[in-house]
Amino acid sequence: MFLSIKNIPKVSWSSKKSLNLKPNFSTFLYLCIGLMFFGLGEGLLIVSTSGASPWSVLAQGIYLNVGLSIGFITIIISVLVLILWLPLNQKPGIGTVLNAIIIGIMIDVCIRFVPTPEDYISQLFLALIAVLTVGLGGGIYLVANLGAGPRDGLMIGLQKKTNLPIAAVRATLEIAVMSIGWYLGGTVGVGTLLFAFGIGPAVALSLYIVGKTFN
């Protein structure tokens, strides 16, 4: 059952090590494809206007209390999460760098070309599609094993320390972040709740499908 997955699957195109500056073309290609889907999903969630992601809610909550820009706070949060990698023995790779670049580009493209649905039900449906798309992209790029983004690296590190299923670790992390952001004054919408509770199972499902498809 995909909800019980505890490890990132290794397939034929997975890199043998995360710090690999000369990966196979197929590995690099799947990394980029996964990150594109990930960014597309993040963009769709924004376009749905049904609620920001939990980490954005956290950034907003901190912004309301300290006055720094949300963009700058987001950078600080990413740096702090990367520092948390150290005791978890997580290592960066080219995927860690491309994570920010490709996802950022895809979010901008999505916001530019995808219109916001007019009725609320369609907005919620788009938010659900967004969560599944982020999960799909996350599963693909993590299997490439070329370095995770800050949040995914934290998820993997915590999973290794606790030996809990990936779905449970990711859901707990997102719900905790959302709760802190909400407590600080951040705005939580239905889309935020869908993401917080759904992204863990969505990533686990993607990992399960990719592992079964390519093994």
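The values are calculated or read from the model by the stated rules, or taken from the named source; none is laboratory data. Please read these numbers as outputs of a predicted model, since none were measured by experiment. Heads up, the Cβs are rebuilt from the backbone with ideal geometry, glycines too, and the neighbour counts pull from every protein chain shown.
Per-residue answers, yes or no, for (1) surrounded by fewer than 22 Cβ atoms within 10 Å (Cβ to Cβ); (2) in contact (Cβ under 8 Å) with a residue 60 or more places away in the chain; (3) of a type in the set (A, V, I, L, M, F, W, C); (4) touching a Leu at 6+ places or on another chain (Cβ under 6 Å):
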| residue | (1), (2), (3), (4) |
| --- | --- |
| ALA127 | no, yes, yes, yes |
| GLY135 | no, yes, no, no |
| GLY139 | no, yes, no, yes |
| LYS160 | yes, yes, no, no |
| ARG170 | no, no, no, no |
| ALA176 | yes, no, yes, no |
| GLY181 | no, yes, no, yes |
| LEU193 | yes, yes, yes, no |
| GLY200 | no, no, no, no |
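Does region 112-121 contain at least one residue that is assigned to a helix (DSSP H, G or I), among the aliphatic types (A, V, I, L, M) and either touching a residue at least 40 places away in the same chain (Cβ under 8 Å) or under 21 Å from TYR183 (Cα atoms) (or both)?
No, every residue in region 112-121 fails to be assigned to a helix (DSSP H, G or I), among the aliphatic types (A, V, I, L, M) and either touching a residue at least 40 places away in the same chain (Cβ under 8 Å) or under 21 Å from TYR183 (Cα atoms) (or both).
Does SER56 count as surrounded by 13 or more Cβ atoms within 10 Å (Cβ to Cβ), at pLDDT 95 or above and of a type in the set (S, T, N, Q)?
No; evaluated as a whole, the condition is false for this residue.
Taking the listed residues SER78, SER69, SER50, the one that is crowded, with 23+ Cβ neighbours inside 10 Å, hydroxyl-bearing (Ser, Thr, Tyr) and either free of Cβ contacts under 8 Å to residues at least 12 places away in the same chain or out of contact with any Cys (no Cβ under 9 Å at 6 or more places or on another chain) (or both) is SER50, with no other qualifying.
Would you check if GLY186 is in contact with a Gly (Cβ under 9 Å, 6 or more places away or on another chain) and in a helix (DSSP H, G or I)? No; evaluated as a whole, the condition is false for this residue.
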